[in-house]
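What follows draws every value from the coordinates through simple rules; no lab data is involved. These numbers were taken from a predicted model, which means no experiment stands behind them. Positions of Cβ are backbone-derived with ideal geometry, glycine not excepted, and every protein chain shown enters the neighbour counts.
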Amino acid sequence: GAVVSQHPSRVICKSGTSVKIECRSLDFQATTMFWYRQFPKKSLMLMATSNEGSKATYEQGVEKDKFLINHASLTLSTLTVTSAHPEDSSFYICSASSRDRGSYEQYFGPGTRLTVT
Amino acid sequence: SQKIEQNSEALNIQEGKTATLTCNYTNYSPAYLQWYRQDPGRGPVFLLLIRENEKEKRKERLKVTFDTTLKQSLFHITASQPADSATYLCALLPPEAAGNKLTFGGGTRVLVKP
């Protein structure tokens, strides 16, 4: 149990375009979903936290108008990178937690590799 | 803010030996300390969680200790196998558990040689 999927696993896009990444909890209802980005050989940096049906809370330094997060249901959250630029190229990972599963454990998706050319 | 330090140098170890990884933190003691495994190009996988009032936790060949006085957690992989080769991340959850936000260390890469 506690499976989280992400789609797509890899995406290459041109500079200036927008890219949407989906995060789904497949076998549980995710009360909270988190979005991270990770640079090569670096740790995960939290970008934002989202609760179903409410606006996401962004970490300091993360542009909310550039990284749009929608948590429309208890099993789906999306991250849209708007007007992507090469510096947005990174590994984006989502995670989900659930009150039913103790809240404090986060279950991570497999990640999405974004390359902006 | 909380700062977490893990040994950034890779740990090379012979198969069958015990690998010991260190996670040090500054500032407040976390309510929970967690360890994750991450393989290249993949998301982290949850391994173990230890609470601030627990000294030790075990799961199969894994053992985690938590010393709030030293502000340190040790992660042990006993009878290590080549399949244990990965990066191991420690993560802390603050006492107020505000939004359940985890803070991650930089990770330590482990390479188990046959």
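Averaged across the residues of B:35-46, what count of C-beta atoms belonging to other chains lies within 10 Å of each residue's C-beta?
Values: counts 0, 4, 0, 6, 1, 1, 6, 7, 17, 10, 3, 6.
Other-chain Cβ atoms within 10 Å of each residue's Cβ, averaged: 5.
Exposure proxy shown here: for A:45, A:33, the number of other Cβ atoms within 10 Å sets the order, fewest to most, as A:45, A:33. Of all DSSP beta bridges confined to chain A, the antiparallel ones make up roughly 90%.
Taking a 18 Å limit on the Cα-Cα distance, which of the listed pairs A:66/B:3; A:14/A:66; A:41/A:64; A:42/B:17; B:3/B:101 fall beyond it? The partial results should precede the final answer.
Working: A:66/B:3 27 Å; A:14/A:66 16 Å; A:41/A:64 25 Å; A:42/B:17 27 Å; B:3/B:101 14 Å.
The pairs that break the limit, which is 18 Å between Cα atoms, are A:66/B:3; A:41/A:64; A:42/B:17.
Hey, got the average number of other protein chain Cβ atoms within 10 angstrom for residues in A:43-54? Kindly include the intermediate steps, with their values, before the conclusion.
Details: counts 12, 12, 2, 5, 0, 0, 4, 1, 1, 0, 0, 0.
Mean number of neighbouring Cβ atoms from other chains: 3.
Here the scattering of chain B is modelled by Debye summation over its C-alpha atoms, one equal scatterer each and no solvent; at q = 0.17 Å⁻¹ the log10 of I(q)/I(0) is -0.77.
Which whole-number percent of Cα pairs in region A:1-73 have a distance greater than 19 Å? For region A:1-73, the share of Cα pairs beyond 19 Å comes to 42 percent.
Placing +1 on the Cβ of every Lys and Arg and -1 on the Cβ of every Asp and Glu, with no other charges, gives chain A a dipole of roughly 260 debye about its Cα centre. A Förster radius of 41 Å, combined with the Cβ-Cβ distance separating residue B:53 from residue A:68, puts the computed FRET efficiency at roughly 0.55.
Summarise the long-distance tail of P(r) for the protein assembly as shown by giving the % of C-alpha pairs beyond 26 Å. Looking at the protein assembly as shown, the distances longer than 26 Å represent 38 percent of pairs. Note on residue A:60 and residue B:67: their simple-model spin labels are 3.1 nm apart, each label 7 Å out from Cα toward Cβ. Taking other residues whose beta carbon is less than 15 angstrom from the beta carbon of residue B:6, and scoring Lys, Arg as +1 and Asp, Glu as -1, yields +4.
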